[in-house]
Each structure stands twice: as structure tokens, then as C-alpha cells.
Amino acid sequence: MVVLAASICTKGGKPIVSRQFRDMSRARIESLLASFPKLIPTGTQHTSVETTDVRYVYQPLEDLYIILITNKASNILQDIDTLHLFARVVSDLCRSAEQREIVKNEFELLFAFDEIVSMGYREPVNLMQVRNVLEMESHEEKIQEIIARNKEAEAKEELKRRAKQLEMQRREQQRRAAAGAPSGGGYLGGGISGYSAVPQRDYTPPAPVRTNSPAPSSLRTPAFKGSGMKLGSKRTQQSALLDALGGEALLSEDMSAPGTPAVSHTPELATAPKNDRGSLPTVEAESVHVIVKEFLNLELMREGGLTNLELRGDMNLQISDADLARLKLTLGPAPASYGPELQFKQHPNVAKFAANRDRVVALKDPSRSFPVGQPLAVLKWRYSGKDETYVPLSINCWPTPSNDGTCDVNIEYELEAEHVSLHDVVISIPLPDGSYPTVSSHSGEWALNPSSHSLDWSIPLINAEDRSGSLEFSVGGDDTGVFFPVKVSFVGEGSVAGVHLASVVRIDNGEEVTYSEDATVVVENYTVV
């Protein structure tokens, strides 16, 4: 197929937005679009019409038409599929199919058109991929923004330095005036009485002078005709620099702060301790304390199935009593057999698991002891696969378009890994732009997230006793693709891979040791696409 142009025009053939993918003059495309309304047959439901040179594949958009102009040898079925994708992109980017809304988003539409068709040929993309490309961040743009902020900070520092010089010169002039310098008296001509107005009007504390610096006229008096003129000229330069920076009151009291407060504030946010536990109950550490932590990354498909599941975990052993440093840890059997895909990796000083025997974590040299007073990562594991039976929480989002231009959405969850309890669960469903939901039934709580324009469904706890729930709502719009990707976040208590301790035994006498275990699951990415 060869697409010559993609256009949005009025019913009279006037083009609003048009993108040519082959060399065509403006007069040529305007002529083709102007003749299009005359070719539409009446009383038929066809969506294509041909001339001796080209073929029009079109679809009505309320009072407009979206048209693909192709050559006559093009595959009509592929053209219709491409046209539907164009129409979905227009509906996704524009709130309504009005001419004003199309013109407002014309550049975004042209960028999206270029992602769908290149040099006249259809690219293998869908609506989700086009949306991701349009939302992609630009590294070069970030660099330019950083450079612009640095230049602004340098200009502020320069302005601060000049303000300090002006302040020092003004004080020096005032000292000379107070001392009755001969040069000042010669210019004044009025004697000592001419100086009386200077300290009353100009000698004020530094902070108020800085605040009022954008009004230099208040600092000049008719009495000053000598050095006062110099002060006036430097105030004029200062005001010009203020105007060049957009009229900011840069000489206010906060100029004593660093010129780039945002840069200094960012590392503080980055180094702030992050609470990954949420509302998980605190585990009181015994003399032998084991910390199991897993990181989950998975992507479910809306039609069913799993794109990828990656699970990473580690076990840290912390001993606070030196008498218990020589011991071995026996792992309990996993509730689900992951098979060879679940790979374990021990610390170099820890012995490997023996085949067909209990999984034991112990040092290779029985005479040695585990370190005391510091945690040691004794075991790590990783699983990567596409088996849906290992998903801890299944999500089913089912949007159904209605005849009245709305969409009924039914979403439900079910806990698949009953040995894990999920705390602080939030399921976020995107909403169409400009539309707000009407919730008919739900479990848990729900709220609107204005930053992402999504519905956040919150469930405090999901466990084996309360393992499922549902939410139903209706919202304006009939495009089911806008409700994806659904994002899920939670903090799990337990181990998805089923890694847990069965017992801890001392090596010297075989006596069992009291231990504590803290097992958590952290979600890195959990989406339904």
C-alpha cells in the first residue's frame, strides 16, 4: 500500500490538517480535497471512492471527514485498518472532533501521523505505541533546561554582586556627605542645609533598600547633582538587567540564598529514606534475625496471558549473639514448584544445595562462624518466565462500550498466591480526558487522581481470608484502549517464591535456636497492558 496523504477536512472539502507522505504540492492536495465531497455517493454506506488517479478512503468525524488518499493499487483492507488507527489517534489526542480542537492539537496530530505512516508505507505500530512515542521525554530538552537554569542563576549572582557594589558606593557617598566633604559642598551650593534631606531619605537599612531597588527614581533627589548622578546611572543599569530577566524582583531579601535552590533541594529528596514497608507490621528482631526481600516486575496482557515475569530476592542473616554464630538454616518447602527457572545463588562461603535433599544454608567450613553484628547476604534467587500460574494477584479489566457514548468498566482482582498477604494495594485505571466516572459498586475505597487523571482503587489488605473484590463504574467515551495500562502497587508480606525458614539449628549441639523472620515483597512494575 502507498498512502499519499492523510487529511482532516470539512464536509465542504476545506482542509484543516493534512500530512503528505509523498511529494505533492499544496495546490494539488487542496484540489483533491476540494473535489472529494462531489465524489461521495448518496444513499450508500461505502467508505471509499475512486477517481482515475487516486482512491479516497474516508470516515466521518461528526461534522468533519478524516481521509486517506492512496494510489489505486493499494490494498483496500490495509487502508481501512490504517484509517481506523488514524481515527483512534484523533479521538485520543482531541477532546472532541470539532474544528477548533483539531487546530489546537494539529502539531501533535501531525507527529502521530508520522509515526503511523512513513514515506507512504504503514508502520507496524498500534495506538499504545504511538502514545508512548508522543509522551517520550527528550534528553536534549532536559539539558537545555539545565543550561537555561544555570544561566539564570549566574545572572542572579551577577545582579547580587552589582547590588552589593551599589550599596557600598551609596554608603560611602553618605559618609562623605555626613563629614561635609568639600567636593560635595561645591556641587550642592546650598551649604549644610542641603545635606539634611540626604540621610532622611536615603539612609535606610539595607534590606528595605534591596526590596525597593526596582524603583530607582525614589533614590534621586533634586539636591544631588554631583555623585548622586553616578548613583542614578548605576541604578538604571540595574533596572535594565532586571527587565532583561523578566522583571523578577531579584534584589529582594531572599537574594542571600543560593542562586540555584532547586539543584540543592533535589539531592535532599533523593537521599531521603524511603519507606518500603507501608503498613506492614513491624517484626521484633531476635538474636538470629533473617530478612527476606523480593522485587517483583511483571506485565500482564488484557486478553489474558503474561508478557514477562521477573522475580528477584535475597536473604540476609543478622546475628547479634556471638554464641549463636555457628548454625545452619533449613528452608521450608515452597508452596509452588518453580522448577529449574528458579535459580539460587549462594554466598561464596556458603555451601550449595544438595540434590534431592532439604535446602540448607550453612557455611562450607563447619568450624567457621557467621559474622556477628552485621547483616550478611547468604542467598539470592531469581525467576524469569511467562507462566501465568506464578502471578500473585490477577487483574481482570473489562470495558464495554454502550450505545449512548459511554463505557461501562468492570474490574476485579483475585489473590492467586495465598501464602502472601498484600498490604496498601492501589489499582490505578486511566480515564478518558475530560470525563469523570460514576461508580456503581465497589469494595475498598476509590478516589480520583488529578495528576494522572485516573481512578485509584485502594484496598488496605488482601489475604487468603479476603482474596477477591470488584469495582464497577461508567464514564464518557467509547474507546476501550484508554483504560490501559492498569497499574498496580502494593507491599507484600511473605515470599512469592515461597522462600521461608523451617528451622535454625546450632551446629555444635544440634539445638534449635529461636529466630525471627521478616519477609517482604516490593513491586517495581505491575501493569496490565
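For the range 466-529, take N as its residue count and report Rg(C-alpha) divided by 2.2 N^0.38 Å.
In units of the 2.2 N^0.38 Å rule of thumb, it is 2.00.
When the accessible area of the range 410-502 is split by element with a 1.4 Å probe, what percent falls to carbon and sulfur?
Roughly 46 percent of what the probe reaches on the range 410-502 is carbon or sulfur.
Can you tell me the equivalent ellipsoid semi-axes for the range 60-109? Use √(5λ) from the Cα gyration tensor, largest first, whole Å.
Each semi-axis is √(5λ); the values are 23, 10, 10 Å.
Given Cα positions, please report Rg to Rh for the range 291-341, the hydrodynamic radius being the Kirkwood one.
Using Cα coordinates only, the ratio equals 1.16.
Give me the mean projected area, in nm² to one decimal, of the convex hull enclosing the Cα positions of the range 1-114.
Across all orientations, the range 1-114 yields a mean hull projection of 6.7 nm².
So how many Å³ per residue does the convex hull of the Cα atoms of the range 389-497 work out to?
So the per-residue Cα hull volume is 98 Å³.
Work out from phi, with θ = phi - 60° and the Karplus expression 6.51 cos²θ - 1.76 cosθ + 1.60, the ³J(HN,Hα) of each residue of the range 384-397, listed in order in whole Hz, and give x for Gly and Pro.
So the Karplus estimates, Gly and Pro as x, are 9, x, 10, 7, 6, 5, 9, 6, x, 9, 8, 10, 10, 10 Hz.
Which percent of the Cα-Cα distances in the range 8-75 go past 21 Å?
More than 21 Å apart: 17 percent of the Cα pairs in the range 8-75.
Which whole-angstrom value gives the distance between the alpha carbon centres of the range 83-101 and the range 442-500?
Taking the Cα centre of the range 442-500 as reference, the centre of the range 83-101 is 29 Å away.
Please work out the C-alpha center-to-center distance from the range 368-418 to the range 110-129 and express it in whole Å.
Computed from Cα coordinates, the inter-centre distance equals 33 Å.
Using alpha carbon coordinates only, what is the Rg to Rh ratio of the range 277-365, with Rh defined as the Kirkwood radius?
Taking Rh as the inverse mean 1/r over Cα pairs, Rg/Rh reads 1.04.
How big, in percent, is the set of alpha carbon pairs in the range 340-444 lying more than 18 Å apart?
Roughly 70 percent, once rounded to a whole number.
Distances longer than 19 Å among the Cα atoms of the range 424-488: what percent of all pairs is that?
30
The values are calculated or read from the model by the stated rules, or taken from the named source; none is laboratory data. Quantities reported herein were computed from a predicted structural model and do not represent experimental measurements. When the accessible area is computed, the model is the full protein with side chains, heavy atoms only, and any ligands, DNA or RNA have been set aside. Shrake-Rupley method; radii C 1.70, N 1.55, O 1.52, S 1.80 Å.
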